[in-house]
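**Student:** After the structure tokens below, expect a handful of questions from me.
The values are calculated or read from the model by the stated rules, or taken from the named source; none is laboratory data. Bear in mind that the values here come from a model prediction, so they are computed numbers and not experimental data. Here the Cβ is made from the backbone with ideal geometry for all residues, glycine too, and neighbour counts use every protein chain on show. For the accessible areas, the whole protein counts, side chains as well, though only heavy atoms, and no ligand, DNA or RNA atoms are used. Shrake-Rupley method; radii C 1.70, N 1.55, O 1.52, S 1.80 Å.
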Amino acid sequence: MSTYTAFCDKQHLASGPAAEVALAAKTALENSPEASILMFDDESGRQVDFNVTGSAWEVAARLAPAPEKPASPRSPGRPKLGVVAREVTLLPRQWEWLNKQPGGASATLRKLVDAARNAGAPRERMRQAQAAADRFMMAMLGDQPGYEEAARALYAGDERAFQTRIAAWPKDLREHVERLASPAFTAKPA
């Protein structure tokens, strides 16, 4: 489930599911119409704009997860397992090799794909964390002293330099950046 974080000026307002964050923003704006509220997707670091007009029920209803689609007619593959039949084009020598593998071509292809995904997973987590933290920093902290140096340290994987550059930033914003950037420093690239 996706999570979001809202800030009122430079103060943390709420974190959680979309409806919860939007309702907190709605309440803050009702209490202080001149407040500057910015909301962010925690996974991507991108700013989001939830419609907080109307009643609390209307706001929550707009952001409720879409109902599940009814089951579609049976198609090739094993739908209960999530297997979908598609065409794969290979050279004859590749088909020959695949067919000699235990479990057959489909099982071998699934194993190869999973192995490739797992091998690149730490690098991808690191890249996503760097991008999310940088997007958030640019939106909320781009005018702070040390921003450019912090961004360089983030992409260089230099956690100590990163922490040094962000130490004087507003507490709530700094803590959120640290949370977003954390996987960039803990994921070990392959």
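**Student:** Six or more apart or on different chains, Cβ under 6 Å: which pairs go from a residue in segment 17-40 that's touching a residue at least 40 places away in the same chain (Cβ under 8 Å) to one that's open to solvent by less than 30 Å² (accessible area, probe 1.4 Å) and part of a helix (DSSP H, G or I)? Could you list them?
**Tutor:** A22/V59; F40/F136
**Student:** Give A184, A153, A132 a once-over and let me know the one that is part of a helix (DSSP H, G or I), at pLDDT below 95 and closer than 30 Å to S36 by Cβ.
**Tutor:** A184
**Student:** Sticking with this one: Can you find even one residue in segment 6-13 that is surrounded by 11 or more Cβ atoms within 10 Å (Cβ to Cβ), at pLDDT below 95 and of a type in the set (D, E)?
**Tutor:** Yes.
**Student:** Assess whether M126 counts as being of a type outside the set (S, T, N, Q), open to solvent by less than 30 Å² (accessible area, probe 1.4 Å) and on the phi < 0 side of the Ramachandran plot.
**Tutor:** no
**Student:** Hey, any hits in segment 100-115 for a residue that's without any contact (Cβ under 8 Å) to a residue 12 or more places away in the chain, hydroxyl-bearing (S, T, Y) and open to solvent by less than 30 Å² (accessible area, probe 1.4 Å)?
**Tutor:** Yes, the conditions are met somewhere in segment 100-115.
**Student:** Does E149 satisfy being free of Cβ contacts under 8 Å to residues at least 24 places away in the same chain, under 18 Å from E175 (Cα atoms) and open to solvent by 30 Å² or more (accessible area, probe 1.4 Å)?
**Tutor:** Yes; evaluated as a whole, the condition is true for this residue.
**Student:** Look at R123 and say whether it is in contact with a Pro (Cβ under 7 Å, 6 or more places away or on another chain), charged (D, E, K, R) and farther than 23 Å from S15 by Cβ.
**Tutor:** Judged against the criteria, R123 is a match.
**Student:** Quick test for you: out of L109, L154, L141, pick the one residue that is over 22 Å from E43 (Cα atoms) and in contact with a helix residue (DSSP H, G or I) (Cβ under 9 Å, 6 or more places away or on another chain).
**Tutor:** Details: L154 fails: over 22 Å from E43 (Cα atoms); L141 fails: over 22 Å from E43 (Cα atoms).
Sole residue among the options that is over 22 Å from E43 (Cα atoms) and in contact with a helix residue (DSSP H, G or I) (Cβ under 9 Å, 6 or more places away or on another chain): L109.
**Student:** When only residues in segment 157-172 that are out of contact with any Phe, Trp or Tyr (no Cβ under 8 Å at 6 or more places or on another chain) and assigned to a loop (DSSP other than H, G, I, E, B) count, which is nearest to D143 (Cα to Cα)?
**Tutor:** The qualifying residue nearest to D143 (Cα to Cα) is W169.
**Student:** Anything in segment 47-65 that is in a loop (DSSP other than H, G, I, E, B) and either touching a strand residue (DSSP E or B) at 6+ places or on another chain (Cβ under 6 Å) or surrounded by 14 or more Cβ atoms within 10 Å (Cβ to Cβ) (or both)? List them, or say none.
**Tutor:** F50, V52
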